[in-house]
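Laboratory data are not the source of any read-out in this text; all were calculated from the coordinates shown. Please read all numbers here as calculations on a predicted model, not as lab measurements. With ideal geometry, Cβ positions are generated from the backbone for all residues, glycine too; neighbour counts draw on all protein chains shown.
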Amino acid sequence: MVSDPQRIVSLVPSLTEALFALGLGARVVGVTDWCIHPAEAVAKLPKVGGTKDADVAAILALAPDLVIANHEENTRRTVEQLEAAGLRVWVTYPRTVPEGAALLRELAGLGATPEAIAAVVEPVEAAVAHALASSGGPKVRVFCPIWRDPWMAAGADTYIHSMLELCGGANVFAERGDRRYPIVKLEDVVAAAPEVILLPDEPYAFGPRDVAELARLPVPAAQNGRIHCVDGTRVAWYGPRIRPALRGLRSILHPSVGPLGLATPRIA
């Protein structure tokens with residue numbers, strides 16, 4: 001990793017947002033089409049394609065001294081081409097919420113001020129520590145798909161799984177060890193009997209049609225009206241969104257308990 005880089009291309013939407021939150025936005029010279037936050041700032045930046053089909057030539061033309069990528073969101077081919085061209089590429093891969101918080105502090109090491117670290121990083125670390133200390137209570141069975149046609153669920157060894165567990169959820173497809181994001185059928189969902197179903201709006205944009213379909217299933221979540229469309233960034237983005245995600249998702253999964261003693265934003 002480059003020490004104190006001055007020209008950064010970010011291929012990771014959540015980390016693009018984190019760079020700006022940390023006061024490092026002026027150093028960002030290029031982002032992907034999927035980097036949408038902060039909206040006004042990223043709208044003015046050169047775009048280098050998508051996360052899966054980044055334009056290597058466009059990245060090289062920006063002459064960055066650091067490219068930030070992600071093992072899951074970006075392709076090995078892109079990373080290898082950038083490294084072969086002589087660029088420094090930082091490949092991130094947080095698979096748990098604590099790792100996401102640690103990555104935020106690492107990102108701050110690129111040049112964030114002590115004031116920015118106190119305002120952005122430390123509250124996230126405190127929220128994660130609080131969640132870890134409170135994660136031993138009763139669990140609610142949760143189904144959180146990421147795709148349909150075919151239906152795909154968040155399995156174990158994923159960031160989403162870690163977020164669900166920290167918020168008091170028991171991921172009903174955590175034991176499907178065939179792949180990190182197992183393909184499931186609706187009969188599998190019925191057999192798993194989730195008490196809550198969370199439908200994020202990314203990477204697949206779940207909506208009312210999906211709620212209506214799942215509401216017809218004979219599962220506790222449908223019978224008790226606990227199928228929620230949620231902001232996908234709260235489920236899967238690491239960075240500054242970790243803290244509000246922990247508050248909000250805890251409130252959805254355990255409404256009678258409360259969001260770890262913190263104020264709860266509306267996310268569903």
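Could you line up H161, H130 from fewest to most neighbouring Cβ atoms inside 10 Å? Display every interim value, and only then the final one.
On the way: H161 23, H130 17.
Least to most surrounded, the residues fall as H130, H161.
Normalised by the residues of region 8-129, what does the relative contact order come to in percent, with Cα pairs under 8 Å and at least six apart?
Normalised by residue count, the contact order of region 8-129 is 25 percent.
Given points 7 Å out from each Cα along the Cα-Cβ axis, report the A61 to E40 separation in nanometres with one decimal.
2.8
At a 10 Å Cβ-Cβ cut-off, how would you order Y93, Y159, fewest neighbours first? Could you put the intermediate results ahead of the total?
Values: Y93 12, Y159 21.
By the 10 Å Cβ count, ascending: Y93, Y159.
Taking only the alpha-carbon atoms of region 17-87, what semi-axes of the equivalent ellipsoid follow from 5 times the gyration tensor eigenvalues under a square root, in whole Å, largest first?
Each semi-axis is √(5λ); the values are 20, 13, 11 Å.
What full-extension length gain, to one decimal in nm, is calculated for A126 and R179 as 0.36 nm per residue of separation minus the Cα-Cα distance? Present the calculation step by step, with values, prior to reporting the outcome.
Numbers: separation 53, 0.36 × 53 = 19.08 nm, distance 3.20 nm.
Stretched out fully, the A126 to R179 stretch lengthens by 15.9 nm.
Any idea what the relative contact order of region 139-230 is, in percent, if you count C-alpha pairs under 8 Å spaced at least 6 apart? Walk me through the intermediate numbers first.
Numbers: 168 pairs, mean separation 27.9, N = 92.
Computed value for region 139-230: 30 percent relative contact order.
Which whole-number percent gives the relative contact order of the chain, counting Cα pairs below 8 Å spaced six or more residues apart? Present the calculation step by step, with values, prior to reporting the outcome.
On the way: 501 pairs, mean separation 42.6, N = 268.
It rounds to 16 percent for the chain.
Over region 94-185, what lengths in whole Å, largest first, do the semi-axes of the equivalent ellipsoid take, defined as the square roots of 5 times the eigenvalues of the alpha-carbon gyration tensor?
Whole-Å semi-axes of the equivalent ellipsoid: 30, 16, 9.
Using modelled backbone amide H atoms (1.01 Å from N, in-plane), which distant-in-sequence or interchain residues come within less than 5 Å of T92's amide H?
For T92, whose amide H was placed from the backbone, the distant partners under 5 Å are A69, N70, H71.
Using r as the Cβ-Cβ distance of A156 and E213, and R0 as 30 Å, what FRET efficiency do you calculate, to the nearest 0.05? If you can, show how the numbers build up before the last one.
Working: r = 26 Å, r/R0 = 0.85.
That gives a FRET efficiency of 0.70.
Kindly give the semi-axes, whole Å and largest first, of the ellipsoid equivalent to the chain, taking each as the square root of 5 times a Cα gyration tensor eigenvalue.
Numbers: eigenvalues 225, 93, 46 Å².
Ellipsoid semi-axes (Å, largest first): 34, 22, 15.
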